[in-house]
Amino acid sequence: MAAKEKILIVDDEPSIRKYLQTLLEVDGYEVSAVTCGKEALDAVGRGEKPDFLILDVLMPEMDGLETLRSLMQVDHSLNVIMLSCSNEVGTVVEAIRLGAHDYLTKPFEKPELDAALLKCRQKKELKEENVALREYCEQLTEDLSFLAASPQMLKIRQQILQIAPVDVPVFISGESGVGKEVVARMIHLRSLRRQQPFVKVNCAALPGELLESELFGYEQGAFTGAVRSKPGKFELANKGTIFLDEIAEMSPHLQAKLLHVLQDNQYSRLGGRAVITVDVRVLAATNMPVQEAMRTGKFREDLYYRLNVLSIHVPPLRERTTEIPLLFRHFLLKYSEKFQKPAPEPSAHLLEASLRYTWPGNLRELENFVKRYVILEDDEGSFRELLEMTATQQRLAPREEAPAPREMGLKALVRGLKDEAEMEAIAETLEKTNWCRKDAARLLGISYKALLYKIRQFNLDTNRTRVHAGSAAGPAPATPVARK
């Protein structure tokens, strides 16, 4: 049975107090009444917070506006409806400015009072929703973001919505930095356990012995330095969710113990005899190729199949490049606000270069790049840094053979033809202007910086050097004919 809403009436007229109390109690409210502002302040000061407070404006000693001002200083979240025999605009405006939600003029009809209470209730519910939304946003860690703009991430979002309410383990795979923790947190926040704890454990951060005590806790005297008992992460996550990140780094011995915990929901602390029962949903993640880890014995097959009831694979950033501009701007606004700097507008050639770089560090690398960009406020310097990163990556990575046309996607084929046509147009214009880059940029209708980027991208400078070197050498000398 729902608890009754509480209403406090503050009015010096006994007849009004009695009328309102009878009227509201018939509607199922729990009503109390006081005769002056001081009594109202005393009641709120004692912690007797009503859901609604009906306050008369004209009262002796402390009038309604003065009482309202004092009440707001004690508790700004009070839902106050003012009553008055007068509807003077100045009084109404002042009451609303001080924090009143509505204003009724005596005498009033029952529907007017009902409407005022409904309005207060809706404002209260909206405020509670905003608080809940803020708490939801704050549960996502600062260094993680989930943007679903690509088909792959939209599919993952849909998977999360289907998986989250089903209380079974989920195995999340993907390269380092792709956002596996974000996926885990979203599963928890969409699950029936969202009001309970979300506990993260990085299995690669601790050696086996310490990780075991971290997960399952220990009793006093279990080992040297154990001066008092300590609960483990599983106990702290009871009724909630535990996220085991980089689980393939866990030692085989600890994997076996974890398997038993998943099967029985029971374990004992290190050095303890008492059996602890927990109710925890397990989400696990790794950046390792799972099949290879199982083949080499690094990851137990039985544990994998126990965890892999449902699975999600998060693709690397290079496979969802449509999200790079969105993520770039997201991090831009985030760090501009954090460092209290005006958000710079990235140039078109910087954003284009960010699309061509493969971001091996995924979201973490992109975030750090944007962070430097905001701090240094140097668009051209950031652009050169990105070009150098791309060039270094191309030097270090083995050149892959071009895929056969039948294996190429239509978009990749069109992009290749576009680049080829673009390179030919730029080279031809540069020759026409005798390599005057400013004139070439004007004829091509692009900025000077964009032209420089295209020249570097297509290695046109290198090709020009080769041509000039060949011309400078002159014609080959004629081969002398030996005389007989």
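The values are calculated or read from the model by the stated rules, or taken from the named source; none is laboratory data. Keep in mind it's a predicted model, so treat the numbers as computed, not measured. All Cβ positions, glycine included, derive from the backbone under ideal geometry; neighbour counts span all protein chains shown. Side chains are part of the model used for accessible areas, which takes the heavy atoms of the whole protein and leaves out ligands, DNA and RNA. Shrake-Rupley method; radii C 1.70, N 1.55, O 1.52, S 1.80 Å.
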### Task
Compute the Cα gyration tensor for the range 170-305, then decide on rounded, prolate or oblate, letting a ≥ b ≥ c be the square roots of its eigenvalues: rounded whenever a/c is under 1.5, prolate when a/b is larger than b/c in the other cases, and oblate in all that remain.
oblate
### Query
Per the helix-only calculation at 222 nm, which mean residue ellipticity applies to the chain, given -39500 (n - 2.57) for every DSSP H run of n ≥ 4 and division by its residues, nearest 500 deg cm²/dmol?
-16000 deg cm²/dmol
### Query
Applying 1/(1 + (r/R0)^6) with R0 = 35 Å to the Cβ-Cβ distance of A391 and H253, what FRET efficiency is obtained, to the nearest 0.05?
0.15
### Query
How far apart, in nm, are two points set 7 Å out from the Cα along the Cα-to-Cβ line at Y19 and at A421?
8.1 nm
### Task
Have a look at I312, I446, S86 and report the one farthest towards the positive end of the charge dipole of the chain, computed about the Cα centre with Cβ charges (Lys/Arg +1, Asp/Glu -1).
I446
### Message
I'd like the distance between the alpha-carbon centres of the range 318-379 and the range 168-183, rounded to an integer number of Å.
### Response
23 Å
### Query
Among the DSSP beta bridges whose two residues both lie in the chain, what percent are antiparallel, rounded to the nearest 5?
10 percent
### Message
Explain nothing, just the number: dipole magnitude of the range 153-252 about its Cα centre with +1 on each Lys and Arg Cβ and -1 on each Asp and Glu Cβ, in debye rounded to the nearest 20.
### Response
640 debye
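Quick check: from the Cα gyration tensor, does the chain come out rounded (a/c under 1.5), prolate or oblate? The partial results should precede the final answer.
Details: a/c = 3.43, a/b = 1.63, b/c = 2.11.
The shape class here is oblate.
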#### Entry: Accessible-area value, V182, 1.4 Å probe, nucleic acids and ligands omitted, Å²
0 Å²
### Query
Going 7 Å from the Cα of I375 toward and past its Cβ, which residues in the range 300-339 have a backbone nitrogen under 14 Å from where you end up?
335-336, 338-339
#### Entry: Heavy-atom accessible area order for R269, R69, largest first, 1.4 Å probe
R69, R269
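Which loop chymotrypsin sites (Phe, Trp or Tyr not before Pro) in the range 289-366, with loop taken from DSSP, have no more than 10 other Cβ atoms within 10 angstrom of their Cβ?
Working: sites: F299, Y304, Y305, F328, F331, Y335, F339, Y357; in loops: F299, F339, Y357.
Passing both the DSSP loop test and the Cβ count: F339.
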### Query
Under unit Cβ charges (Lys, Arg +1; Asp, Glu -1), what dipole magnitude, rounded to 20 debye, does the chain have relative to its Cα centre?
2580 debye
### Query
Which listed residue (N202, A3, C436) has the Cα farthest towards the positive end of the charge dipole for the chain, taking +1 on Lys and Arg C-beta and -1 on Asp and Glu C-beta about the Cα centre?
C436
